[in-house]
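Enquirer: There's a structure below that I have some questions on.
The values are calculated or read from the model by the stated rules, or taken from the named source; none is laboratory data. Since the model is a prediction, treat every value here as computed from it, not as a measurement. Every residue, glycine as well, gets a Cβ built from its backbone with ideal geometry; the counts of neighbours run over all protein chains shown.
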Amino acid sequence: MQYILTSAFASNANSGAYGINSAMEGMGLVMDDGRIKHHPILEFKEGRKVRFTFDGKELEGYEGEPIACALHAAGVRVLKESPELKRPRGFFCAIGNCSSCLMTVDGRPNVRVCVERLREGMNVITQKGKGVLLADK
Amino acid sequence: MKVIPMTWAKAVSSCSLDNLPKTADAVVIGGGVIGTSIAYHLAKKGFGRIALLERSYLASGSTGRCGAGVRQQWGTRLNCLLSIDSVRAFERMDDELNYSRSIEFKQGGYLLLAYTRREADQFKKNVLLQQELGIPVSLLTPLEAREIVPILSTDGVLLATFCPTDGHANPFHVTYAYASAGKRLGVDLHTFTEAHEILTESGKITGVKTNKGTISTNTVINAAGPYSGVVAQMVGLDIPFYPERHQILVTEPVDPVLGPMVMSFSRRFYCQQTPHGSFIMGMGDPKEKPGFSISGTWEFLVEMATEITKVLPPVGNLSVVRQWAGLYDMTPDAHPILGPTPCEGFYLACGFSGHGFMLAPVTGKLISEIVCDEEPSIDIHGLDLGRFERGELVIEPSVV
């Protein structure tokens, strides 16, 4: 129950960085530097530092950690907009289940970035709408 | 304490307060799209008191499980004529039935792909027949097909045919649209009500016994989809008919990218994108044995994904949301059985062989005409039950 309540709080991206970090800490997900340490279902070691782009900006993360963890460490709180009312959506279930973190990664729409591992040079884009299937892969 | 297991269906059924009428002028067995369409059309004609029996909820059987396609590109004159009429009905259905929502009829066309020489020859013949009947279909080269579906791989495609007025609709909405319009005209809808026995006296229908009581009637219409054979047995009638499982899946939604239903007969698949954005696709399995099973298999998931990512490669980037299965009601010639039977007052509207959804509007109209003793507005003499004994089958070459 504790988990569900704090998750619901964390999903409210408008509550600001402090609120979310507190909630994440409540879940035991965050280290001192704001980087997620324990993931509910995935295990990952702090791999080598890699570069990737997020909405055109170059960011750094650790190879093998979920993309959402690298984004969170970089201060990114809004991961998606809701499909009908276009409200901001943030880190929520963290297990690839809730559709709150769907993003377009390397041209692939609706990637669950909370369970997709980071690789060097990935192109991560905030998705508007339901995502686009491109004719040429 | 002893816990009595109760299914959800039983729970809802026991909560139902509706009382079965003692008598009805007609009883329709089956609350799918065919049954609700028939009930609506009969009520519209003022046939009298009509009771519709559905053993589960509306559209719970083949209707709610179907691929929802509506096409006019058929290989026989009769199927073409029936589907032309149905397409016109789908086009104006929201208005005609005064439906508060939308049946989501999307006329993005049907793109049929020919992969074998034999299939290509058949398509050329079909197109001549279809054009003669006024269907706006054209033969396309693989590159022209790709202009209509940019995500299409033309590998192995010899030619294609395209009809822009084909499409697909939402089978739940169509059923509810018929049911609610019928209800406004006085149709009694009885869900969670199962026909157990059909009563006859000297070869004439006298009533229907259900789990909720008995209705006296002289007219019963069998619209029980894959269970039509079971219902026909209740009056001792054997119909050449068998149920066959077909599997289907749906993906997460993406922005609109696929206009038409894409289909191949030789490779036995079809795939469409709903207005919501989900892709719905299915595949026939030649190894499938007749039977009532509607379990899904993991093999289908693998085979379907393998096949569709060859034909529409970008679809490989989508996640599958769920898979399910439903039953085709197969006849030996893939045409429905429509009309009266040797048992007086017992009518058949079954055997649609996988295209009952698209034929529902015209079926409701024709069956209501036949039951009211009128000349059917389309000559469907060849679709009677007697054709099997007479050996006058009309084989449809274009089915998945």
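Enquirer: Among the residues of the stretch B:304-336, which ones are buried (at least 20 other Cβ atoms within 10 Å of the Cβ), in contact with a strand residue (DSSP E or B) (Cβ under 7 Å, 6 or more places away or on another chain) and within 16 Å of A:G131 (Cβ to Cβ)?
Expert: Result: B:L312, B:V315, B:N317, B:L318.
Enquirer: Could you grab me the full set of residues in the stretch B:363-397 that are assigned to a loop (DSSP other than H, G, I, E, B) and surrounded by 19 or more Cβ atoms within 10 Å (Cβ to Cβ)?
Expert: Result: B:I380, B:L385.
Enquirer: Hey, another quick one. Tell me whether the stretch B:184-202 contains one or more residues that are more than 24 Å from B:T36 (Cβ to Cβ) and in a loop (DSSP other than H, G, I, E, B).
Expert: yes
Enquirer: Additional query: Can you say whether B:G282 is crowded, with 18+ Cβ neighbours inside 10 Å, within 14 Å of chain A (Cβ to nearest Cβ) and under 29 Å from A:G129 (Cα atoms), as far as the supplied structure shows?
Expert: no
Residue by residue, here is whether (1) in contact (Cβ under 8 Å) with a residue 24 or more places away in the chain; (2) of a type in the set (G, A, S); (3) away from every other protein chain (no Cβ under 14 Å); (4) assigned to a strand (DSSP E or B) holds:
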residue	(1), (2), (3), (4)
B:I294	yes, no, yes, no
B:L301	yes, no, yes, no
B:A305	no, yes, yes, no
B:P314	yes, no, no, no
B:G326	yes, yes, yes, yes
B:P342	yes, no, yes, no
B:L348	yes, no, yes, yes
B:F357	yes, no, yes, no
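Enquirer: Then there is this: Of the residues in the stretch A:42-85, how many are in a loop (DSSP other than H, G, I, E, B) and surrounded by 11 or more Cβ atoms within 10 Å (Cβ to Cβ)?
Expert: 15
Enquirer: While we're looking at this one, here's another question. For residues that are of a type outside the set (D, E, K, R) and either in contact with a Gly (Cβ under 7 Å, 6 or more places away or on another chain) or surrounded by 22 or more Cβ atoms within 10 Å (Cβ to Cβ) (or both), tally how many sit in the stretch A:106-126.
Expert: 8
Enquirer: Test each condition in (1) surrounded by fewer than 22 Cβ atoms within 10 Å (Cβ to Cβ); (2) modelled with pLDDT of 95 or more; (3) at positive phi for B:G351 and report the one that comes out false.
Expert: (1)
Enquirer: Let me ask something else about it. Name the helices (runs of 4 or more DSSP H) wholly inside the stretch B:59-157 in which the number of residues that are surrounded by 17 or more Cβ atoms within 10 Å (Cβ to Cβ) is 3 or more.
Expert: Result: B:62-65, B:77-91, B:117-132, B:142-148.
Enquirer: For the stretch B:207-276, list the strands (runs of 3 or more DSSP E) that sit wholly inside it and hold at least 2 residues that are in contact (Cβ under 8 Å) with a residue 40 or more places away in the chain and among the charged types (D, E, K, R); which are they?
Expert: Qualifying strands (runs of 3 or more DSSP E): B:242-251.
Enquirer: For the stretch B:47-56, does any single residue satisfy the condition of being under 13 Å from B:L359 (Cβ atoms), at pLDDT 95 or above and crowded, with 20+ Cβ neighbours inside 10 Å?
Expert: no
Enquirer: Residues of the stretch A:105-137 being within 12 Å of chain B (Cβ to nearest Cβ), among the aliphatic types (A, V, I, L, M) and not in a loop (DSSP other than H, G, I, E, B), which ones?
Expert: Once the filter is applied, which keeps residues that are within 12 Å of chain B (Cβ to nearest Cβ), among the aliphatic types (A, V, I, L, M) and not in a loop (DSSP other than H, G, I, E, B), the stretch A:105-137 yields A:V105, A:V111.
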